[in-house]
Amino acid sequence: MESFEASVVDSDADAIERSNEAALRPTSLDEFVGQRTVRDQLSLVLRAAVSRGATADHVLLSGPPGLGKTTLAMIVAGEMGATLRVSSGPAIQHAGDLAAILSSLDEGDVLFLDEIHRLARPAEEMLYLAMEDFRVDVVVGKGAGATSIPLSLPPFTIVGATTRAGLLPAPLRDRFGFTAHLDFYSDDELHSIVGRSAGKLGFEISGDAAAEIASRSRGTPRIANRLLRRVRDWAQVHGSGTGDLAAAQQALIVYEVDERGLDRLDRAVLRALCTRFGGGPVGLSTLAVSVGEESETVETVAEPFLVREGLMSRSPRGRIATADGWAHLGLEPPAGALPGAPGGRLFD
Ligand SMILES: Nc1ncnc2c1ncn2[C@@H]1O[C@H](COP(=O)(O)OP(=O)(O)OP(=O)(O)O)[C@@H](O)[C@H]1O
């Protein structure tokens, strides 16, 4: 895999996290757990392209972070026997950046564009033409003397990924021949991902410990793998070295992941909603500021999970804590604000 993002410098922690993830990534569609419909449809697209000896249609993958979009992009390249090239919307500031990337592609390459909704507008427009006609118009010079030189490109496949499909302009969305939305995983699917990852890590884990991790992973493989590694740490430092249920439960207490899978950010958002804004409705950006986070982080990381768990709901006037949300924090909603008896346990 070749990355065009040499100018983007990761922190050490990011780099370690990425290399940990790389070791656990499935490398074929057969190994990819869950997302049955997406897998079947994508498999057809790829097999048909291979049998025609052509490049695959452009693929758009949307869904919350950590559900396997990057993994699927790598699998697309692997299954096509193609070279994967990687860049992302925020790394492409100017149309010229994209022209340089596109003109360096070889025939059949797969170009993964992460966070494609964050492409700068001129780059986005250049991409329309490149995706449809395999051509870019390179502008040389400035002002009245500027000329546009058409440059044809060899056929390639774009795999775009986005956490915010709604932000993609229709002309860009329409140029993808195959679009798929990744959904959160079931506990059973996460259980098998944890088992498979533990095998790859050479870490012995019991079925009930794997189930415990799965049920607290918020439907997200990345979180399941991360919690698994924390349980392994705990077992190696405090336990017998193997992952039994007690090790899993103790590790998850240390890392402040509660029994429903809420982590510190989720609880901070829910708590702010209840205690600072009386349960809402409150706007996303106000809520995000109150927990010291970017709106996008709250919207793409905490909110989908809180809504899915029935702890928060969205209304045209803003976010609202549900009766279950109040109960999860062990708080009493203001009189008459919500039906339902509060109760439940509080983690922090
Ligand atoms: N279906 C799956 N089966 C097994 N492991 C998976 C699956 N999906 C994701 N994973 C694991 O979860 C980790 C995160 O996946 P990936 O990086 O592909 O997510 P993503 O959707 O691209 O996230 P982001 O939007 O943050 O870039 C990977 O290391 C991979 O091992």
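The values are calculated or read from the model by the stated rules, or taken from the named source; none is laboratory data. These numbers come from a predicted model, not from an experiment. Cβ placement follows ideal geometry from the backbone for every residue including glycine, while neighbour counts extend to all protein chains displayed. Keep in mind that these areas ignore ligands, DNA and RNA; they rest on the heavy atoms of the full protein, side chains included. Shrake-Rupley method; radii C 1.70, N 1.55, O 1.52, S 1.80 Å.
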Report task. Label the stretch 47-173 by shape, choosing from rounded, prolate and oblate, from the square roots a ≥ b ≥ c of the eigenvalues of the Cα gyration tensor; if a/c is under 1.5 it is rounded, and otherwise prolate applies when a/b is larger than b/c, oblate when it is not. Result -> oblate
Query raised in the report: Taking the alpha-carbon set of the stretch 25-115, what are its Rg and Dmax in Å?
Result: 13.7, 39
Report summary line: Over the chain, with neighbouring protein chains present, the accessible area per residue in Å² at probe 1.4 Å is 47 Å²
Query raised in the report: the stretch 100-186: which GluC sites (Glu not before Pro) are DSSP loop and have at most 14 other beta-carbon atoms within 10 angstrom?
Result: 107
Report task. Pop out the carbon and sulfur fraction of the accessible area of the chain as a percent, whole number, probe 1.4 Å. Result -> 51 percent
Report task. Note down the relative contact order for the chain as a percent, whole number, built from C-alpha pairs under 8 angstrom at least six residues apart. Result -> 14 percent
Query raised in the report: What order, most packed first, do the peptides 319-328, 92-101 have when packing is the mean number of other Cβ atoms within 10 Å of each residue?
Result: 319-328, 92-101
Report task. For n ≥ 4 DSSP H runs only, could you compute -39500 (n - 2.57) per run for the chain, divide by its residues and tell me the 222 nm figure to the nearest 500? Result -> -13000 deg cm²/dmol
Query - At most 16 other Cβ within 10 Å, DSSP loop - trypsin sites (Lys or Arg not before Pro), the stretch 145-240 - result: 164
Requested in this report: Mind ranking 281-291, 298-308 by how tightly packed they are, going by the mean number of other C-beta atoms within 10 angstrom, highest first?
Outcome: 298-308, 281-291
Report task. Taking H placed 1.01 Å from N in the peptide plane, check which residues at least 5 places from residue 184 or on another chain put their amide H under 5 Å from its amide H. Result -> none
Query raised in the report: Suppose R0 equals 45 Å; then what is the FRET efficiency for residue 264 and residue 144 from their Cβ-Cβ distance, rounded to the nearest 0.05?
Result: 0.20
Report summary line: Once residue 308 and residue 167 are pulled to full extension, the length gained, defined as 0.36 nm per residue separation minus their Cα-Cα distance, is 48.7 nm
**Report entry** Binned Cα-Cα distances of the chain, short to long, each 10 Å bin given as a whole percent
**Finding:** 5, 21, 27, 24, 15, 6, 1, 0
Report task. Assuming R0 = 30 Å, can you tell me the calculated FRET efficiency for the pair residue 28 and residue 174, based on Cβ-Cβ distance, to the nearest 0.05? Result -> 0.55
Requested in this report: Could you calculate, for the stretch 187-340, the ratio of the Cα radius of gyration to the Kirkwood radius, expressed as Rg to Rh?
Outcome: 1.05
**Report entry** Separation of alpha-carbon centers, the stretch 244-313 and the stretch 103-137, rounded to whole Å
**Finding:** 36 Å
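Please compute the Kirkwood hydrodynamic radius of the stretch 187-254 from all pairs of different C-alpha atoms, in Å with one decimal.
Taking the inverse mean of 1/r over all distinct Cα pairs, the stretch 187-254 comes out at 11.1 Å.
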Query raised in the report: Relative contact order, percent, of the stretch 168-271 when contacts are C-alpha pairs under 8 Å separated by at least 6 residues?
Result: 25 percent
